[in-house]
Amino acid sequence: MVPVFDGHNDVLLRLWNRKVGDPVAAFLNGDGQGHMDLPRMVKGGFAGGFFAIFAPSTEDEDDDDDLNPPPSHAVAHAAAAAAVTGMASLLFRIEEAAPDRFKVCRSTADIRSALADGKIAAIFHIEGAEAIDPDLHALDVLHKAGLRSLGLVWSRDNIFGHGVPFRFPSSGDTGPGLTAAGKALVRRCNELRIMIDVSHLNENGFWDVARHSAAPLVATHSNAHALSRSSRNLTDDQIRLIGQSGGMIGLNFANGFLRADGLWQSENGLDTPLRHLDHLMKLAGEDHVGLGSDFDGARIPSAIGDVSGLPRLVAAMADHGYGQELIEKLCSSNWLRVLERVWGE
């Protein structure tokens, strides 16, 4: 079984939203809900990855229009801070409850040690910086607590920049880019060696990060716009620049960002994500592409199903003609390489 180090999951949000029972026990013992828990991770060869913390808006409502849902409401700083604290607490409580099986990693040395010991190697990542104040005091505190990766925005606006709304078909050119506060946040992340995730930024925000960041460009869970014209996907020029910067793109398993028709049904086969991998590698290079599943955050191909289905994707890579060395790059080693560079190790 090829171990997988993954660019993005939302299991902490799913656990935080549980209404009954102990979420830590549910994760460690396996609750069969969503896409991820520890037993299914072990079964699927999931070795670690970025554990996202996302503050949802309580004002958002379900909508029948999957292709063009209404924009998400803004989240106040206090509410976002409470959500981040709650989910970070869950992350650390999982580590405390199962130190022999789960480790929060603050360096690539930590990751390699955890992998060698058979522990899940977890990176503390925040998706959307609403919990960070304009003076960036919270960023310093979060970094001391273990934050090593940050998405400046989710798909909504905040004081740092403008997130790309979910639209299909659409380009990502949906508004202005980073604010002055956002550019200051980029600079401070560079100083602290916090990885910056461009996945939910609009095009102008992406190019602002490219201009103001000294670090490799990373999109933890994004796909190719040329194959699926979602506003969330990357243009060919963006893909090329990510590769040229020494950065990384994690393939998003979300159906709506994979399919050429933008639909969210799960009946697309594994040939669809493989086409995206081919395209991303052609433009960025095979050293700059990996996986960014979006487990527990999106509807994904039924051919994968949940985290235990990762071996089916790996087998499809082999059947598609990828050699063992390339498969290992896509599944883990490319992520470790870019983290070593971003974190200055």
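The values are calculated or read from the model by the stated rules, or taken from the named source; none is laboratory data. Remember, predicted model here, so these are calculated numbers, not experimental data. All Cβ positions, even for glycine, are placed from backbone atoms using ideal geometry, and neighbour counts span all protein chains on display. Keep in mind that these areas ignore ligands, DNA and RNA; they rest on the heavy atoms of the full protein, side chains included. Shrake-Rupley method; radii C 1.70, N 1.55, O 1.52, S 1.80 Å.
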Restricting the search to the range 27-44, which residues are open to solvent by 10 Å² or more (accessible area, probe 1.4 Å) and either modelled with pLDDT of 95 or more or under 20 Å from the mean Cα position of the chain (by Cα) (or both)?
-> L28, N29, G30, Q33, G34, H35, P39, R40, V42, K43
Find the residue count for the range 103-124, including only residues that are in contact with a Phe, Trp or Tyr (Cβ under 9 Å, 6 or more places away or on another chain), within 15 Å of L38 (Cβ to Cβ) and either open to solvent by less than 10 Å² (accessible area, probe 1.4 Å) or assigned to a strand (DSSP E or B) (or both).
-> 5
Mind counting the residues in the range 324-345 that are part of a loop (DSSP other than H, G, I, E, B) and farther than 30 Å from N190 by Cβ?
-> 0
Among the residues of the range 26-54, write down those that are assigned to a helix (DSSP H, G or I), among the hydrophobic types (A, V, I, L, M, F, W, C) and in contact (Cβ under 8 Å) with a residue 24 or more places away in the chain.
-> F27, L28, L38, M41
Please indicate, with yes or no, whether at least one residue in the range 74-82 is under 16 Å from L152 (Cα atoms), of a type in the set (A, V, I, L, M), out of contact with any Leu (no Cβ under 6 Å at 6 or more places or on another chain) and not in a loop (DSSP other than H, G, I, E, B).
-> yes
Of the residues in the range 234-250, those that are surrounded by fewer than 19 Cβ atoms within 10 Å (Cβ to Cβ) and either outside any loop (DSSP other than H, G, I, E, B) or not polar (S, T, N, Q) (or both) come to D236, D237, R240, L241, Q244, G246
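Residue by residue, here is whether (1) of a type in the set (D, E); (2) open to solvent by 30 Å² or more (accessible area, probe 1.4 Å); (3) at pLDDT below 95; (4) more than 22 Å from P169 (Cα to Cα) holds:
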position	(1), (2), (3), (4)
R232	no, no, no, no
N252	no, no, no, no
G309	no, no, no, yes
K329	no, yes, no, yes
Do you know which of the residues in the range 178-209 that are of a type in the set (S, T, N, Q) and open to solvent by 20 Å² or more (accessible area, probe 1.4 Å) is farthest from L241 (Cα to Cα)?
-> T179
Residue set A184, A215; condition assigned to a helix (DSSP H, G or I), farther than 18 Å from H8 by Cα, of a type in the set (A, V, I, L, M, F, W, C) and over 17 Å from the mean Cα position of the chain (by Cα); output residue A184
Which of the following residues is part of a helix (DSSP H, G or I) and over 23 Å from R40 (Cβ atoms): G309, G321, G256?
-> G256
